[in-house]
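Participant: This is the structure, below, for whatever I ask next.
The values are calculated or read from the model by the stated rules, or taken from the named source; none is laboratory data. Just so you know, these numbers come straight off a predicted model, no measurement behind them. Note that we place each Cβ from the backbone using ideal geometry, even for glycine, and neighbour counts take in every protein chain shown. The protein model used for the area step is the full one, side chains on, heavy atoms only, and it has no ligands, DNA or RNA in it. Shrake-Rupley method; radii C 1.70, N 1.55, O 1.52, S 1.80 Å.
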Amino acid sequence: MDKLLSEVLEIAQELFDEEQLSAPIPRVAPDEMRQRVDLSLASTGIPVDDVMARMRAVVRVTPRTSSRRFFNQLYAGRLEIASAAEMLTGLLNVSMYTYKIAGPMILIENEIIARMCRFAGFPNGFGIAVPGGSMANLVGMMLGRNRAMPNLRNNGADGRRLTYYLSQEGHYSVVKNAGILGTGRANVRLIATDELGRMRVDALEAAIEKDLEAGAVPCAVVATAGTTVLGEFDPLRAIAAVTQKHGIWLHVDGAYGGTLLLHPAARQKLDGLELADSLTWDAHKLMGIPLMCSMLLTRQRGQLSANFQETADYLFQADDYKLNPGTRSLQCGRRNDAFKLWAAWLNLGDEGWATRIEKQLHMARYAAARVQRETKMTLCQDPASTNVCFSVEGANSKQVCGALHDSGKALIGYGEVRGEQVFRLVTVNGHTEEQDIDRLFDDILAASGL
Ligand SMILES: Cc1ncc(COP(=O)(O)O)c(C=O)c1O
């Protein structure tokens, strides 16, 4: 193990050096990739030294999401202390179902949840780490469904139509989850948005009333705090007034924007969150924690155990349910995603998060200002968070993004805004500097033939 560890550190150092020097690797077609690195498995094993050499080769050609020229996703960059904790997590390999097995890691997860609940305005809240925002949305949607139809968990649905409400800009996981939950993808009402891409409350109320008149059972409204393409925030307080009036569960998908709760001014965008029933908050996006690190929080304690509890005498043999998250979890065996977030929070404190977010927001404003200075570029709207959407006159964003990828200059994506395909630049990497943004724009202009 000693020898392996020192080799791992060597490979890691090589990766760090490469990240400094170059962009996130030119695109390599899958067939060529198989030629470059032998990935095939065989019935006879090979010596560990050869495996390490193979691993080194794979690391060299894996896209580098921590490069400062990676702008493609809602996550990017490396928060070093969290990565260090993640390496130790792998070595400890505890499963987060019981205190008996995970010991202090359970207390650490509870500590994080309590802190996040405080920022969410859920003083009586609780929660659990789940493998991703999509899963957190699944759990929030399930809680709403089970409250709307209390017999469903035990006996199945009673034949009435079950509906969900999501804005047209909301995340696709909500539609997928409706398929998983058995309520039907077609029963997710995609509510119209306003000119900035925020859910229209009048349209929401009209859709709910129409469904109620038709005898349907609304399970939950899923409001989005930080939409995937535009980074916009649905008006939570006004939406909560509608859900409270009709007694409907309000789940807030803050996978992306939940982190703004840690910024004293930007948290205003989530005004009214304290009225929601559940919240998705991904720490692996804006907070820079290595994937996966997602939390599902509920405003009231007890919701998760009431909907997930099962008997498993072989497993739950000591301690009460608070110390045995397996009794309130979607999973049985569960990865420890808490240690890395705790280490980062310990290091940064609440204040450090606010400073980090301020920098990320600054980079988005800086990029938006550059767009506005460029005569051939048009900004879709002022960035609400760290997404900057814009178009370039005469350029096809898909082609330009492809060209930048092929050349390895930068990784940036595109998205659809008001029917037009536009560039979507995301400034979540905490190490990004103004010169990185300028360089990206120079590359985009050059790749656009300007
Ligand atoms: C608004 C929103 N919700 C949910 C998700 C899904 O999160 P995850 O990738 O952690 O499953 C995303 C991912 O981009 C998102 O943007």
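Participant: Scanning the chain for trypsin sites (Lys or Arg not before Pro) in DSSP loops with at most 14 other Cβ atoms within 10 Å, what's the longest stretch left with none?
Facilitator: Looking at the chain, 161-375 is the longest stretch - no exposed trypsin sites (Lys or Arg not before Pro) with at most 14 other Cβ atoms within 10 Å.
Participant: Taking 0.36 nm per residue of sequence separation and subtracting the Cα-Cα distance, how much length would be gained by fully extending the chain between ASP194 and ALA53, in nm to one decimal?
Facilitator: Stretched fully, the ASP194-ALA53 segment lengthens by 45.4 nm.
Participant: Also: Which value in deg cm²/dmol, rounded to the nearest 500, describes the helix-derived mean residue ellipticity at 222 nm for the chain, given -39,500 (n - 2.57) per DSSP H run of n ≥ 4 and division by the residue count?
Facilitator: Only helices count here, giving -13500 deg cm²/dmol.
Participant: Let me ask you something else. Compute all pairwise cysteine Cβ distances in the chain, then list the cysteines with no distance under 4.7 Å to another cysteine.
Facilitator: CYS117, CYS219, CYS293, CYS332, CYS401
Participant: Roll a 1.4 Å probe over the protein chains and send me the accessible area per residue for the chain in Å².
Facilitator: On a per-residue basis, 45 Å².
Participant: Can you pull out the chymotrypsin sites (Phe, Trp or Tyr not before Pro) in region 248-318 that DSSP calls coil and that have at most 10 other Cβ atoms within 10 Å?
Facilitator: Taking region 248-318 and a limit of 10 other Cβ atoms within 10 Å, the loop chymotrypsin sites (Phe, Trp or Tyr not before Pro) found are TYR314.
Participant: Relative contact order for region 2-67 using alpha-carbon pairs under 8 Å, separation at least 6, rounded to a whole percent?
Facilitator: 59
Participant: Pairs LYS376/LYS409; LYS100/LYS340; LYS100/LYS176; LYS210/LYS398; LYS176/LYS210: which exceed 29 Å Cα-Cα?
Facilitator: Long pairs (Cα-Cα over 29 Å): LYS100/LYS176; LYS210/LYS398.
Participant: Roll a 1.4 angstrom probe over the protein heavy atoms and tell me the percent of accessible area of the chain that is carbon or sulfur.
Facilitator: Exposed carbon and sulfur together represent 52 percent of the surface.
Participant: Between ARG237 and ASP2, what is the label-to-label distance in nm when each label sits 7 Å out along the Cα-to-Cβ direction?
Facilitator: With each label point 7 Å from Cα toward Cβ, the separation is 6.3 nm.
Participant: Hey, another quick one. Out of every Cα-Cα pair in region 173-245, what percent are more than 20 Å apart?
Facilitator: Across region 173-245, Cα pairs with separations above 20 Å total 33 percent.
Participant: Would you kindly state how much longer the chain becomes between ALA306 and ALA206 on full extension, computed as 0.36 nm times their sequence separation minus their alpha carbon distance, in nm to one decimal?
Facilitator: 32.8 nm
Participant: Taking the Cα atoms of region 69-216, report the difference between the largest and smallest coordinate on each principal axis, in whole Å and largest first.
Facilitator: 55, 46, 29
Participant: Normalised by the empirical 2.2 N^0.38 Å for globular proteins, what value does the Cα Rg of the chain take?
Facilitator: With N residues counted in the chain, Rg over 2.2 N^0.38 Å equals 1.03.
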